[in-house]
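These notes are about the structure you will find just below.
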Amino acid sequence: MRIALLGGTGDIGRGLALRWGRDTEHELLIGSRDPERAREQAEAYTSELADRGADADFKGFENAMAADRADVVILAVPAYHLVDTVEAVADRLDPETVLVTPAVGMQRDEDGFHYNRPGPGSVAALAESAKPDDVPLVGAFHNLPAGGLADLDSEFEWDTLVFGEDEDAKATVSQLAAEIEGLRPVDIGGLANAAEVEAVTPLLINVAMNNDELHDLGVKFQ
């Protein structure tokens, strides 16, 4: 399967790329608004995993070209770039493409991080309104600490909450999540539940900031 990580040079994109590169045989396309930066990062990921004995397949492209070649497109961009990113690649998506958003809107003040719920109700709802109608959207990977995900010396047992209206698309994303060692997908229903998932992320960051022993904090449901 071909997975495009748009914004794959950033924190969450790096973590997902390295984990899938190590744990799977999927073809991984690193996307960026700057194609040269994407190629450089793809080479860096390939080299990092080669040093660990993993033969990963990374290629770097401008975002639209990465999306055009992919079966699954991960919107690994900040919430404030989400709509622009979707609109920039919309004509490269088709009904067979699964679009995935892990984006969370947050604000920070002197007390910590807080969920910044947008007018449509969630960041995922913004992506839903920006994408072509026939392209399925799935939410996943919101509540993962990017640092711990990218640290391949770190072992974890985390859950990722998965939501969406298209059951086949959710199954595809859940399978991809389960292929990352230590990660379990948990179905939370449809798009209407997106805000509840997104709001967990600032809570986890605040806990991690105030408790040194919980620095790379994930979620596990038992």
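Values computed for the structure shown
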quantity	calculated
Residues being surrounded by fewer than 23 Cβ atoms within 10 Å (Cβ to Cβ), at pLDDT below 95 and touching a strand residue (DSSP E or B) at 6+ places or on another chain (Cβ under 8 Å) - total across the stretch 36-68	1
Selection within the stretch 159-190 - over 17 Å from Gly148 (Cα atoms), buried (at least 19 other Cβ atoms within 10 Å of the Cβ) and out of contact with any strand residue (DSSP E or B) (no Cβ under 6 Å at 6 or more places or on another chain)	Leu176
Any hit, the stretch 178-191, residues being in contact with a Ser or Thr (Cβ under 9 Å, 6 or more places away or on another chain) and assigned to a helix (DSSP H, G or I)	yes
Asp71 being modelled with pLDDT of 95 or more and either on the phi > 0 side of the Ramachandran plot or surrounded by fewer than 20 Cβ atoms within 10 Å (Cβ to Cβ) (or both)	yes
Residue within the stretch 22-34 that is part of a loop (DSSP other than H, G, I, E, B) and under 12 Å from the mean Cα position of the chain (by Cα) present	no
Some residue of the stretch 97-110 being farther than 26 Å from Arg37 by Cβ and among the hydrophobic types (A, V, I, L, M, F, W, C)	no
Residue list for the stretch 89-117, restricted to those being surrounded by fewer than 17 Cβ atoms within 10 Å (Cβ to Cβ) and either more than 24 Å from Ala199 (Cβ to Cβ) or in contact with a Gly (Cβ under 6 Å, 6 or more places away or on another chain) (or both)	Ala90, Asp91, Asp94, Pro95, Glu96, Asn116
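One line per residue, one yes/no per condition, for (1) farther than 19 Å from Glu181 by Cα; (2) among the aliphatic types (A, V, I, L, M):
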site: Ala4; (1), (2): yes, yes
site: Asp11; (1), (2): no, no
site: Leu18; (1), (2): no, yes
site: Ser32; (1), (2): yes, no
site: Asp57; (1), (2): no, no
site: Asn63; (1), (2): yes, no
site: Ala66; (1), (2): yes, yes
site: Arg69; (1), (2): yes, no
site: Ala79; (1), (2): yes, yes
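Rundown of residues vs (1) on the phi < 0 side of the Ramachandran plot; (2) touching a residue at least 12 places away in the same chain (Cβ under 8 Å); (3) not hydrophobic (A, V, I, L, M, F, W, C), yes/no style:
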{"site": "Arg92", "(1), (2), (3)": "yes, yes, yes"}
{"site": "Val100", "(1), (2), (3)": "yes, yes, no"}
{"site": "Ala103", "(1), (2), (3)": "yes, yes, no"}
{"site": "Arg108", "(1), (2), (3)": "yes, no, yes"}
{"site": "Gly112", "(1), (2), (3)": "no, yes, yes"}
{"site": "Ser122", "(1), (2), (3)": "yes, yes, yes"}
{"site": "Leu126", "(1), (2), (3)": "yes, yes, no"}
{"site": "Asp134", "(1), (2), (3)": "yes, yes, yes"}
{"site": "Val138", "(1), (2), (3)": "yes, yes, no"}
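The values are calculated or read from the model by the stated rules, or taken from the named source; none is laboratory data. All values derive from a computational prediction rather than experimental measurement. Glycine gets a Cβ as well: all are built from the backbone with ideal geometry, and neighbour counts include every protein chain shown.
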